[in-house]
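Take a look at the structure below.
No value in this document is a laboratory result; all are computed from the given coordinates. Owing to the predicted nature of the structure, the values given are computational and were not obtained by experimental measurement. In this analysis, Cβ positions are derived from the backbone assuming ideal geometry, glycine residues included, and neighbour counts consider all displayed protein chains.
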Amino acid sequence: MQSSLLEIRDLTKIYGGGLFNRDRTVALEGFSFTIPSDHPRITTIAGESGSGKTTLANLILGFLTPTSGEILYKGKNIWEMPKQEWFTFRREVQGIFQDPYGTYNPFYKVDNVFDMVIRKFKLARSRSEARRITEEALAVVGLQPDEILGKYPHQLSGGQRQRIMVARAFLLKPRLIVADEPVSMIDASLQVRILNILQRLKEEFSISFLYITHDLSTAYQISDDIFILYQGSVMEKGDIDGVMQNPRHPYTQLLVSSIPVPDPDVGWEGDLKLSSEDEMRTDTTGGCKFHRRCPHVMEICLKSPPPLYKVGQNQYASCYLYEEKKGSGNLWRTDYDKMSQQGG
Amino acid sequence: MIARSTPVLEVKDLRVYYWTSRGPVRAVDGISFTVNRKERFGLVGESGCGKSTTAMALLRLIKPPGSIEGGQITLNGLDIIQLGKEEMREIRWSRISLIPQGAMNSLNPVMRIRDQIADVITTHEGVLPKKELEARVKELLNMVELPGKVADMYPHELSGGMKQRVCIAMATALDPQLIIADEPTSALDVVVQRAVMQTLMGVQERLESSLIFIGHDMGLAAQVVGRLGVMYAGKLVEVGNVRQVYKASLHPYTQLLISSLPSPRDKRKKKEIPGLPPTLLDPPPGCRFHPRCPQVMDHCRHQEPELREVQSGHLVACHLYDER
């Protein structure tokens with residue numbers, strides 16, 4: 001009786017803030033999220049630097065312990081699992097990281113990457129079997145074994161190295177891959193190849209993904225749904241199409257309208273001015289974290305953080321603009337339309 | 001096309017090689033382009049295509065084992081390659097300036113912003129009265145939309161976007177005719193990136209200088225430049241105005257590159273470019289793109305195509321457009 005593969009309940013991570021340390025950084029606050037076990041999904045966690053997206057990745061992979069909240073894998077809290085289940089969790093939940101250069105030991109041939117996991121998780125009984133499954137995994141990511149095996153990392157391109165990391169993850173037959181900015185250091189023409197591989201792994205091998213990125217364009221390409229984080233809190237979440245085509249939260253609107261579209265006819269609208277305080281990280285206590293930068297800030301925004309309001313079929317925004325007011329019905333909707341005409 | 005005025009910058013057949021034990025790496029191998037007054041010109045391409053090397057060559061900042069092996073760089077009639085070291089030092093910052101890649105890490109961590117900007121001014125103009133210098137610094141900070149109090153701060157007190165603005169202020173302090181911005185916003189978040197880019201464009205317009213924007217982000221280039229050149233493996237393969245290159249690209253590489261770009265407006269599955277860029281130690285003969293080109297013809301394999309104007313202002317180096 002498991003309905004979810006991964007369930008995150010009210011997860012919070014605070015750095016610092018001991019008894020004598022007043023420098024507390026709330027990296028992630030009250031994050032909840034579920035990946036169903038029956039059908040695979042690619043979920044994007046998007047945000048700017050300091051939004052807490054990498055903290056979330058490291059929490060899910062078990063690299064960090066949460067300050068509060070729970071991460072349940074197949075219904076069990078990962079920090080209270082018996083050893084055997086923890087081992088299974090570590091095999092079935094894999095990570096792919098941003099830097100395809102830093103993840104390799106330059107003194108070892110790339111084969112070592114595969115040999116290590118095969119030994120650790122006892123994936124093969126003989127050398128030839130090890131070789132066979134390695135070659136299979138390389139084929140899945142579109143690499144020729146004889147082009148790759150026996151080489152040192154510096155002899156391969158960034159795109160090849162990143163695909164090897166995907167192959168390594170695939171070798172373990174994972175259920176979930178946490179991909180933290182897997183293509184941000186890779187050239188445009190090779191990005192597509194890696195994104196297409198991730199999508200194929202989802203469709204053919206039923207692997208779910210958490211795609212962690214600052215890049216909404218690539219997120220739009222591959223994901224099913226999206227969370228927009230800002231300073232550790234969810235600003236908006238929902239279906240990728242809804243959030244990208246019709247962003248509701250003022251922050252999402254600002255983000256989406258700032259993406260440089262590779263089309264000279266679709267320009268940035270208007271001039272964007274940021275005050276220097278905006279660019280400095282300012283933690284606000286109490287109210288909405290975006291209120292300093294928000295063009296629609298209201299009194300209530302300073303008092304308490306807004307809950308997630310339903311703003312579409314499967315779309316939620318944490319913003320008081322969407323609070324249903326008694327008797328006023330859909331008043332906010334016309335407000336919003338007026339605002340969007342003025343251009344994000 | 002508007003009447004062709006004398007360009008600010010003219011680059012002819014520029015070659016920059018890096019000498020290694022295995023022979024020369026032809027990072028930039030015979031490229032030619034011009035940049036007009038007040039124009040924003042882009043040089044785009046993937047890593048290793050030679051775009052940053054080109055930027056460094058324009059400033060004569062190529063360090064061994066690299067060297068400029070040939071060609072001409074003319075900045076307003078001044079032949080840059082022939083200049084002596086001291087003369088070159090004089091025109092750097094004052095006539096041609098650079099906002100380097102990761103510029104925010106190029107600031108001196110133990111010097112106040114005021115002193116770093118003042119340094120640029122006094123090394124070129126000599127000692128100025130303190131009041132005048134202070135006014136200049138404030139004016140520059142103001143121009144890049146930073147509050148005056150930033151002058152008293154150290155780099156670590158500023159955010160990435162603010163540091164980048166300081167670098168823009170330094171690069172424009174001496175009113176240069178040409179600003180080269182090498183991936184000026186590559187480490188910044190999209191919202192900050194947009195704000196910083198808009199500031200840079202505003203400053204460049206006010207100074208009426210020209211800008212060379214170098215980057216791998218084709219989306220950003222589309223927002224910033226008026227004309228651009230696409231580089232591949234040390235060569236310029238296509239040059240044209242932004243609409244020609246994005247909407248009616250001619251070179252198969254440009255076409256594939258444009259169609260591979262993820263866009264927030266278009267969810268269709270993107271095409272991949274097959275293969276990998278060549279090593280520049282031993283580039284393929286003929287057209288350097290031929291091993292990956294879907295439209296490769298026989299003579300592409302041994303005959304190198306020249307960059308030719310095939311439509312007004314639109315140049316391409318590809319045998320598909322040869323006249324027969």
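Points worth noting:
- DSSP assigns beta bridges within the protein assembly as shown; of those with both partners inside it, close to 60 percent run antiparallel.
- The rule of thumb for compact globular proteins, 2.2 N^0.38 Å, goes into the C-alpha radius of gyration of the protein assembly as shown 1.02 times.
- For the segment A:212-221, counting C-beta atoms of other chains within 10 Å of every residue's C-beta and taking the mean gives 4.
- Inter-part distance where the stretch A:27-55 and the stretch A:84-121 are each reduced to a Cα centre, Å: 22 Å
- Ellipsoid equivalent to the stretch B:130-243 - semi-axes via the Cα gyration tensor, in Å: 29, 16, 11
- Residues of type aspartates and glutamates that A:K202 reaches as a straight line, Cα spacing below 15 Å, ignoring anything fewer than 8 places off in the same chain: A:D38, A:E92, A:D224, A:D225
- Relative contact order (percent, whole number), chain A, Cα cutoff 8 Å, 6+ residue spacing: 18 percent
- Antiparallel DSSP beta bridges within chain A, percent to nearest 5: 60 percent
- For chain B, a Kirkwood radius taken over Cα pairs fed into Stokes-Einstein (25 °C, viscosity 0.890 mPa s) yields D = 118 µm²/s.
- Number of partner chain Cβ atoms within 10 Å, mean per residue of B:254-260: 3
- Chain B: DSSP helices with Cα axial extent of at least 27 Å and average Kyte-Doolittle hydropathy no lower than -0.5: none
- When the charge dipole of the protein assembly as shown is built from unit charges on Cβ atoms (+1 for Lys and Arg, -1 for Asp and Glu) and taken about the Cα centre, the candidate among B:C318, B:L9, B:F41 whose Cα reaches farthest toward its positive end is B:C318.
- Between the alpha-carbon centres of the stretch B:209-257 and the stretch A:208-231 there is a gap of 28 Å.
- When the convex hull of its Cα atoms is projected in every direction, mean area for the stretch A:32-117 (nm²): 7.7 nm²
- Rounded to the nearest 20 debye, dipole of the protein assembly as shown from Cβ charges on Lys, Arg, Asp, Glu: 1240 debye
- Straight Cα distances below 24 angstrom link A:K120 to the lysines A:K74, A:K76, A:K83, A:K109, A:K151, A:K173, with same-chain residues fewer than 8 positions distant left out.
- Per-peptide packing, taken as the mean over residues of other Cβ atoms within 10 Å, places A:60-70, B:105-115 in the sequence A:60-70, B:105-115 from highest down.
- Total lysine pairs under 21 Å (Cα atoms) in the stretch B:162-285, excluding pairs fewer than 8 apart on one chain: 4
- The stretch A:153-252 shape via C-alpha gyration tensor axes, a/c threshold 1.5: prolate
- What separates the Cα centres of the stretch B:144-175 and the stretch A:123-165 is a distance of 47 Å.
- Highest-first arrangement of B:280-289, A:103-112, A:236-245, where packing means the average Cβ count within 10 Å: A:236-245, B:280-289, A:103-112
- Other protein chain Cβ atoms within 10 Å, averaged over every residue that makes up B:266-277: 5
- For the stretch A:44-181, the ratio of Cα radius of gyration to the globular rule of thumb 2.2 N^0.38 Å stands at 1.13.
- Computed over chain B, relative contact order equals 21 percent, with contacts defined as Cα pairs under 8 Å that lie 6+ residues apart.
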